[in-house]
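The values are calculated or read from the model by the stated rules, or taken from the named source; none is laboratory data. As the structure is a computational prediction, the values presented were derived from the model and not from experiment. Every residue, glycine as well, gets a Cβ built from its backbone with ideal geometry; the counts of neighbours run over all protein chains shown. Heads up: the accessible areas ignore ligands, DNA and RNA and are worked out on the full protein's heavy atoms, side chains in. Shrake-Rupley method; radii C 1.70, N 1.55, O 1.52, S 1.80 Å.
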Amino acid sequence: MGNEGVIAVEKALALLDCFKPGEEALSLTALSHLSGYHKTSVYRLMNSLERMNYVVRDESGIYTLGPRLLYLGKLYEQSFHLASIVQPELHSLAAATSESASWYVIEKGQRLCLFRAESSEGLRETRLPGTSLPLDNSAIGQVLRHWGTGESLFSSETELPVYTSGVRDPHIAAFALPVFGSDEKMVAALALTGPTSRLTPARREEGIGKYMKESAIRLSVKMGAKKSYCESFYDVKSRD
């Protein structure tokens, strides 16, 4: 495919990205405005998408997403196994930092440890996947509350990853970051936990912060977040 063909494909995909919750039906003018493309280009590309059933146009000229996208979405849903995405990242993070790495989600008003990779170090905090704990003031609880429930806990100047020590257990410390999905909404908290004697705030600058942010970017992108948004949010460039 020549460069012009690649550009046309990217433009067509950008037009599909214009459809969002609350903007499920768009006119040619709206699509042109949202995408920044000339109406003539939008009309030509939307005609191609309509022929392939990626969009549907009604009698008044309003476009909505088409059934082909539902079909592809179902295929993706069937092939998408969360554990196969998250667990390798947790193992890599645990190996790189010598601390236990976890994936927490909000479930019934609590924080649920969904996936876990234990540290190779002898002294460590052990937790089984499936364990539920309160949405407390630990780094993990705060991340889930701030980015997951909308509770205002941090300012834009808050240093990431968030660190706390001794909140639930006087001997345990934690670093935590949000992981995002489609529409840049938080889907989970990525956490490192370990003994307070070893997991200190200074380790944020000694490599843990960078490792966690790079892992969070990779996971967020795989969950549907835009890479540009993630790199801006975490203030780091992914190696991938």
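Quick check on segment 185-198. Is at least one of its residues under 18 Å from the mean Cα position of the chain (by Cα) and either at pLDDT below 90 or of a type outside the set (A, V, I, L, M, F, W, C) (or both)? Yes: segment 185-198 contains one or more residues that are under 18 Å from the mean Cα position of the chain (by Cα) and either at pLDDT below 90 or of a type outside the set (A, V, I, L, M, F, W, C) (or both). Could you please find all residues in segment 30-47 being under 31 Å from the mean Cα position of the chain (by Cα) and on the phi < 0 side of the Ramachandran plot? Within segment 30-47, A30, L31, S32, H33, L34, S35, Y37, V42, L45, M46 meet the criteria. Residues that are more than 28 Å from the chain's Cα centre (by Cα), in contact (Cβ under 8 Å) with a residue 24 or more places away in the chain and farther than 27 Å from R218 by Cβ: does segment 1-9 have at least one? So far as segment 1-9 goes, no, none of its residues is more than 28 Å from the chain's Cα centre (by Cα), in contact (Cβ under 8 Å) with a residue 24 or more places away in the chain and farther than 27 Å from R218 by Cβ.
Considering the conditions (1) closer than 20 Å to V221 by Cα; (2) over 22 Å from the mean Cα position of the chain (by Cα), W103 is excluded by exactly one of them, (2).
Answer yes or no as to whether L34 is closer than 21 Å to G73 by Cα, open to solvent by 70 Å² or more (accessible area, probe 1.4 Å) and out of contact with any helix residue (DSSP H, G or I) (no Cβ under 7 Å at 6 or more places or on another chain). When the stated conditions are applied, L34 does not pass them.
Taking the conditions (1) in contact (Cβ under 8 Å) with a residue 24 or more places away in the chain; (2) open to solvent by 40 Å² or more (accessible area, probe 1.4 Å) in turn, G61 satisfies each one other than (2). Restricted to segment 179-193, and to residues there that are touching a residue at least 12 places away in the same chain (Cβ under 8 Å) and surrounded by fewer than 24 Cβ atoms within 10 Å (Cβ to Cβ), the residue that is nearest to L153 (Cα to Cα) is M186. Among the residues of this structure, L70 counts as one that is open to solvent by 40 Å² or more (accessible area, probe 1.4 Å), of a type in the set (A, V, I, L, M) and either out of contact with any Lys or Arg (no Cβ under 9 Å at 6 or more places or on another chain) or at pLDDT below 95 (or both).
Residues that are part of a helix (DSSP H, G or I), out of contact with any Pro (no Cβ under 9 Å at 6 or more places or on another chain) and in contact (Cβ under 8 Å) with a residue 60 or more places away in the chain within segment 204-229 comprise Y211, S215, R218, L219, K222, listed in sequence order.
Considering segment 75-103, the residues that are of a type in the set (D, E, K, R) and either farther than 20 Å from V187 by Cβ or touching a Lys or Arg at 6+ places or on another chain (Cβ under 8 Å) (or both) include one that is most open to solvent (accessible area, probe 1.4 Å), namely E89.
Entry remark, segment 197-229: residues being in contact with a strand residue (DSSP E or B) (Cβ under 6 Å, 6 or more places away or on another chain) and open to solvent by 40 Å² or more (accessible area, probe 1.4 Å) number 1 in total. Taken over segment 230-240, the residue count meeting the criterion of being open to solvent by 50 Å² or more (accessible area, probe 1.4 Å) and either at pLDDT 95 or above or assigned to a helix (DSSP H, G or I) (or both) is 2.
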